[in-house]
Amino acid sequence: MKKKILRSLSCTIAFCAIGTLNGYAQLNKTYLDESQPIEVRIESALSQMTLEEKVALCHAQSKFSSKGVPRLGIPEVWMNDGPFGVRAEVLWDDWAVANVTNDSCTAFPALTCLAASFDPELAAMYGKALGEEARYRNKSVILGPGVNIYRTPFNGRNFEYMGEDPFLAATLVVPYIQSLQQNGVAACVKHYALNNQEVWRDSVNVQISDRALHEIYLPAFKAAVEKGKTWALMGAYNRYKYEFCCHNDILLNKILKLDWKFDGVVVSDWNGTHNTREAALKGLDIEMGTFTDGMSKTEINAYNNYYLASDFLRMLKDGEIDEEVVNDKARRILRLIFRTVMNTKRPFGSFASPEHFAISRHIAESGIVLLKNQNNLLPLDFAKIKTIAVIGENADRIHSNAGGASKLKAKYEITPLQALTKRWGDKVKITYTRGYGSYTPTFEGVIPSPYNADSLKNEALKVAANADVVLFFGGLNKNRHQDNEGFDRQSYDLPYGQPELLIELAKINKNIVFIIASGTATALPFEKDIPTIVQGWYGGSEAGNAIVSVLSGEVNPSGKLPFSYPKKLEDCGAHAFGEIAYPGIKNDQKYMEDILVGYRWLDTKKIKPLYAFGYGMSYTTFKYRKATTDRKEYTVADTATLTFTLTNTGEREGAEIAQVYISQPKASVMRPVKELKGFTKVKLQAGETKTVKIQLPVKEWAFYSETSQSWVVEPGEFVISLGASSDDIKHKCVVTIK
Ligand code: BGC
């Protein structure tokens, strides 16, 4: 291939008259010619670049950009957070916002909400709309999506990821990337790999079996590379095998670049680079975010003193590092530039458009999970309801502007209270009271709440006593330790005295709905006392409208949980082995639960969760009828087809996410009780029946063999379980793999 490119390149050069202009050599412009194959253009540019220019590509020049090649007219690379929208501009060398006025974006729902929709079509809509926003803002790379696996409810960034199941995350990340990149904007999938907690994220070394690595923590990244064809990927802060993940021989050179044939760019997480030789040789391509203290203050901390800057150049010049090393990085970066900012055919994008807000709302509505609906309190019956008590800070608080790198300057975010008032304010009497008061702990410690909890509570009880229904908007709020980058949670309980308040409110008013904003599970020990519970996530710009649509029944909820809700923290695999498993001891951590993450752990250990992975209710009901497979025997190369009928047995239209789990009861290695291997969302009118088929490629039923270091489908009996959730299996089929 390389020979062919060089031959084609030399032909092109021969046809171009390379003269001189006032003593300067004229450029060969093949790299600008979009009719040429991209690899030819890369070699054309590379062959005309100086060593200094190649090195300059490999590190930041500002907080969010890296250099192009100005002399050759090759543009800079502009990156931006993040997974849920295009982050506001910051200053050149400072995290402070630039205060420009053209960067107020559409805020899309957090990725846990997208995951709860179990809907690849929505993932594609999400990626397309976000890509259009990024393109309009002239960004070449969006720093997202995040696909780290939800290992513990404590992880401060769970809301940025797609849940606890590798198959679910892998299925959704592919269309997200593909449709985002159709805009000529690269996805930068993060954080590769094993960045599953924020405690000691910059240094913790993860010890994990090869099997858990490949079966649980890598599949979504692998799908992003092999199927999604992501053009960029971000290294994680933490360490694996005592090497930082931003320059990690096994993760980057071997698995990513050699095994998965990744031809894109590895970007470091901001300040995740630690050493020039390692960064040069162990897979990093662009170093971002290493400490600087303001360009003008000291030369020593300026961008040209990044690891992959002057030190790298010196080592190349001294022959300590071979020039092919920088050539490989430069090729990858040029490829990224040609695919994005130098693609003259890429569309122009659009920004904060009504269409994007509509998409954001549709995704927010589709992800909301109805967890409990005793006495069918929901949807609310406005023939009977005259007064509503709205209680809880999250009723009147926006969330898209917080959480760390994913925070946004949204053009607007509708709060639940605003949406309620706008849509029902003239029909019912709505009274809002705060109920509880949150406060932000400082770095030094926890400061006392500025609120008087007793008077907030007394007021809430008074308002609740006089209302037909109580809507309690609580949960977490992206404060430090409450779903926030850099800070894991410190307790599984709900903060700010919410449990006590909820219990008292429920005694006073039986018609209470608890709407949870969060990206992670929390303890709900009072669950039996609260008749109605909704997982509302962080819904982005249209959060309030989405939740109100579900409460009123304009939208029939169809989301299902992308992670389990254990009753107590110790029921979660990562917390069953003490400190060594979480958060680690002296920066060393062992994933003792191994492959048994989430429902895999709960099922295998026979622990009943409060709410299971895949669980979620609807305002209608569904009936699954007997499932059959197209055959009884398959080979590894086959795809099994599971067929069943699904009927909407209720009185309104709705959608059901049917799930297929695979088990191998007898195997030479331990296998989880069941693992998700297929799902589909079926929309049904009241009374309608559909025949549904789910394709199940047998090769995906493999386990990762540590002995052969490869994926193995062991012949024998497999059970295919069809269910409405991981703990609600409706039918089973037994098949044999030859
Ligand atoms: C985060 C990344 C983010 C980057 C740039 C880091 O702290 O871990 O997810 O993309 O900052 O804001």
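Data for the structure
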| item | result |
| --- | --- |
| Every residue from segment 137-156 that is within 16 Å of the ligand (Cβ to nearest atom) and surrounded by fewer than 24 Cβ atoms within 10 Å (Cβ to Cβ) | Arg137 |
| Residues located in segment 457-495, provided they are among the hydrophobic types (A, V, I, L, M, F, W, C) and either within 16 Å of the ligand (Cβ to nearest atom) or assigned to a helix (DSSP H, G or I) (or both) | Ala460, Leu461, Val463, Ala464, Ala465, Phe487 |
| Residue match in segment 654-668 (condition: surrounded by fewer than 16 Cβ atoms within 10 Å (Cβ to Cβ) and farther than 18 Å from Ile737 by Cα) | no |
| Leu456 being surrounded by fewer than 24 Cβ atoms within 10 Å (Cβ to Cβ) and assigned by TED's automatic domain parsing to the domain that holds Gly392 | yes |
| Pairs, first away from the ligand (no atom under 16 Å from the Cβ) in segment 269-294, second of a type in the set (S, T, N, Q), C-beta under 6 Å, six or more apart | Ala279/Thr273; Lys282/Asn248; Gly283/Asn253; Asp293/Asn301 |
| Residues within segment 420-436 that are assigned to a loop (DSSP other than H, G, I, E, B) and closer than 13 Å to Ala395 by Cβ, tallied | 3 |
| The one condition in (1) more than 13 Å from the ligand (Cβ to nearest atom); (2) surrounded by 24 or more Cβ atoms within 10 Å (Cβ to Cβ); (3) assigned to a loop (DSSP other than H, G, I, E, B) that Ala129 fails to fulfil | (3) |
| Output for segment 267-314, where each listed residue is under 22 Å from Gly146 (Cα atoms) and out of contact with any helix residue (DSSP H, G or I) (no Cβ under 7 Å at 6 or more places or on another chain) | Val267, Trp270, Asn271, Met288, Gly289 |
| Neighbours by Cβ (under 7 Å, 6+ apart or cross-chain): first from segment 185-203, over 28 Å from Leu336 (Cα atoms) and within 13 Å of the ligand (Cβ to nearest atom); second small (Gly, Ala, Ser) and assigned to a loop (DSSP other than H, G, I, E, B) | Glu198/Gly156; Glu198/Gly486 |
| Test: Ser44 is under 17 Å from Ile286 (Cα atoms) and either in a strand (DSSP E or B) or not assigned by TED's automatic domain parsing to the domain that holds Ser400 (or both) | no |
| Residue within segment 247-268 that is farther than 24 Å from Ile321 by Cα, within 16 Å of the ligand (Cβ to nearest atom) and of a type in the set (Ser, Thr, Tyr) present | no |
| Pick from segment 78-105, criterion among the β-branched types (Val, Ile, Thr) and more than 14 Å from the ligand (Cβ to nearest atom), ranking: surrounded by the most Cβ atoms within 10 Å (Cβ to Cβ) | Val100 |
| Segment 365-422, subset surrounded by 22 or more Cβ atoms within 10 Å (Cβ to Cβ) and among the hydroxyl-bearing types (Ser, Thr, Tyr), residue nearest to the ligand (Cβ to nearest atom) | Ser406 |
| Single match in Ala123, Ala134 (criterion: outside any loop (DSSP other than H, G, I, E, B) and within 16 Å of the ligand (Cβ to nearest atom)) | Ala134 |
| Segment 157-183, residues that are aromatic (Phe, Trp, Tyr) and away from the ligand (no atom under 15 Å from the Cβ) | Phe167, Tyr176 |
| Selected residue (criterion: surrounded by the fewest Cβ atoms within 10 Å (Cβ to Cβ)) from residues of segment 459-470 that are within 9 Å of Ile388 (Cα to Cα) and of a type outside the set (A, V, I, L, M, F, W, C) | Asn466 |
| In segment 204-225, residue nearest to the ligand (Cβ to nearest atom) [restricted to those that are in contact with a helix residue (DSSP H, G or I) (Cβ under 9 Å, 6 or more places away or on another chain) and among the charged types (D, E, K, R)] | Lys222 |
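Yes or no, residue by residue, for (1) within 19 Å of Thr273 (Cβ to Cβ); (2) not polar (S, T, N, Q):
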residue	(1), (2)
Asn305	yes, no
Leu308	yes, yes
Phe312	yes, yes
Ala330	yes, yes
Thr344	no, no
Arg361	no, yes
Pro379	no, yes
Ala383	no, yes
Glu393	no, yes
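The values are calculated or read from the model by the stated rules, or taken from the named source; none is laboratory data. The structure displayed is predicted, hence computed values, not measured ones. Please note: Cβ atoms are built from the backbone with ideal geometry, for glycine as well, and neighbour counts cover all protein chains shown.
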